[in-house]
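Trainee: Once you've had a glance at the structure underneath, I'll fire off some questions.
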Amino acid sequence: MAESASDFQALENLLGYVFKEPALCRSALTHKSWVNEQRSDAAIVNNERLEFLGDAVLGLAVSDMLMQQFPEHPEGQLSKMRAALVNETGLSKVAEGMNLGQWIFLGRGELLEGGRVRTSILANTVEAIVGAVHSDAGFEAATRVIRKLMGPFLHGASFSADNDFKSRLQELAQAKFKSAPTYALVSEAGPEHEKIFEISVFIVDREYARASGRTKKAAQQLAAARALDYFGAEE
């Protein structure tokens, strides 16, 4: 974990941006659990305000990227793609690709509970970093960082939008059974930072499929895909 502003150089290289005010970078990397343990230092600021700003900046910048990259896509498709990029899962993938967890300032409790690989913390930190760049140099600089970090994920977002199996199963179940699918956790296994979740999908109290994944959402999507396969084979 970084202990001084100079240690952020490797992160800045990944971002393609050097902070004029290194304190902003440190704040973006500072989880509230760290601040709560540093009660003697009132100058330490957590990343929640920068996260709030970064969320808005990301939404606008990613929308513009998608409009330019996919001029033929309708609004509904673009909205799904944006959601796939800027939701917790999408942003945590960006963070994992940077090995961002190594730089985050966390309290001891969060460290012991696997905070460095927790998707919510990683995603929030990405938002905070974007907010910090915007605060340091404005929207154009933040947009350049966003393009560098998220550009490789654009086509993956298109695939995710086309393969929202849960939404498709919801539509099918409503039409066929007048009822919505429900998902149940069957089991979870593995250490805290590498858990595997097994999920079942039910419609009107009948189980139609099971699947496993590294997150509950991923397992639900795969279970929904398998249920759709079942109904396709049935027809």
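Trainee: Quick check: is even one residue across the stretch 147-157 in contact with a strand residue (DSSP E or B) (Cβ under 8 Å, 6 or more places away or on another chain) and in a helix (DSSP H, G or I)?
Mentor: Among the residues of the stretch 147-157, not one is in contact with a strand residue (DSSP E or B) (Cβ under 8 Å, 6 or more places away or on another chain) and in a helix (DSSP H, G or I), which makes the answer no.
Trainee: Still on this structure, please answer the following. Taking the residues in the stretch 184-203 that are closer than 23 Å to G90 by Cα and buried (at least 18 other Cβ atoms within 10 Å of the Cβ) as candidates, determine which candidate is nearest to the chain's Cα centre (by Cα).
Mentor: Here the residue is F197.
Trainee: Hey, among the residues in the stretch 122-156 that are without any contact (Cβ under 8 Å) to a residue 24 or more places away in the chain and over 24 Å from H73 (Cβ atoms), which one's surrounded by the most Cβ atoms within 10 Å (Cβ to Cβ)?
Mentor: Among those residues, the one meeting the criterion is G138.
Trainee: Within the stretch 173-189, is even one residue under 30 Å from M98 (Cα atoms), at pLDDT below 85 and among the small types (G, A, S)?
Mentor: No, the stretch 173-189 contains no residue that is under 30 Å from M98 (Cα atoms), at pLDDT below 85 and among the small types (G, A, S).
Trainee: Filter the stretch 213-234 for residues that are touching a helix residue (DSSP H, G or I) at 6+ places or on another chain (Cβ under 7 Å) and part of a helix (DSSP H, G or I) and give the result.
Mentor: K217, Q220, Q221, A224, A225, A227, L228, F231
Trainee: Could I ask something else about it? From T125, T119, grab the single residue that is at pLDDT below 95, in the same structural domain as A83 (by TED's automatic domain parsing) and hydroxyl-bearing (S, T, Y).
Mentor: Result: T119 is the single residue among T125, T119 that is at pLDDT below 95, in the same structural domain as A83 (by TED's automatic domain parsing) and hydroxyl-bearing (S, T, Y).
Trainee: Continuing with this model, one more query. Considering each of I146, I203 in turn, give the residue that is out of contact with any Gly (no Cβ under 9 Å at 6 or more places or on another chain), at pLDDT 90 or above and closer than 17 Å to A84 by Cα.
Mentor: I146
Trainee: Against the condition outside any helix (DSSP H, G or I) and of a type in the set (D, E, K, R), how does R210 come out, does it pass?
Mentor: yes
Condition check ((1) within 23 Å of F153 (Cβ to Cβ); (2) small (G, A, S); (3) touching a Lys or Arg at 6+ places or on another chain (Cβ under 9 Å); (4) in a loop (DSSP other than H, G, I, E, B)) across all residues:
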position	(1), (2), (3), (4)
S27	no, yes, yes, no
N36	no, no, no, no
F52	yes, no, no, no
G59	yes, yes, yes, no
P71	yes, no, no, yes
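Trainee: Also: Out of curiosity, is R108 crowded, with 17+ Cβ neighbours inside 10 Å, more than 18 Å from the chain's Cα centre (by Cα) and over 26 Å from A218 (Cβ atoms)?
Mentor: It is false that R108 is crowded, with 17+ Cβ neighbours inside 10 Å, more than 18 Å from the chain's Cα centre (by Cα) and over 26 Å from A218 (Cβ atoms).
The values are calculated or read from the model by the stated rules, or taken from the named source; none is laboratory data. The shown structure was predicted, so the numbers you read here are calculated from the model rather than taken from an experiment. Note that we place each Cβ from the backbone using ideal geometry, even for glycine, and neighbour counts take in every protein chain shown.
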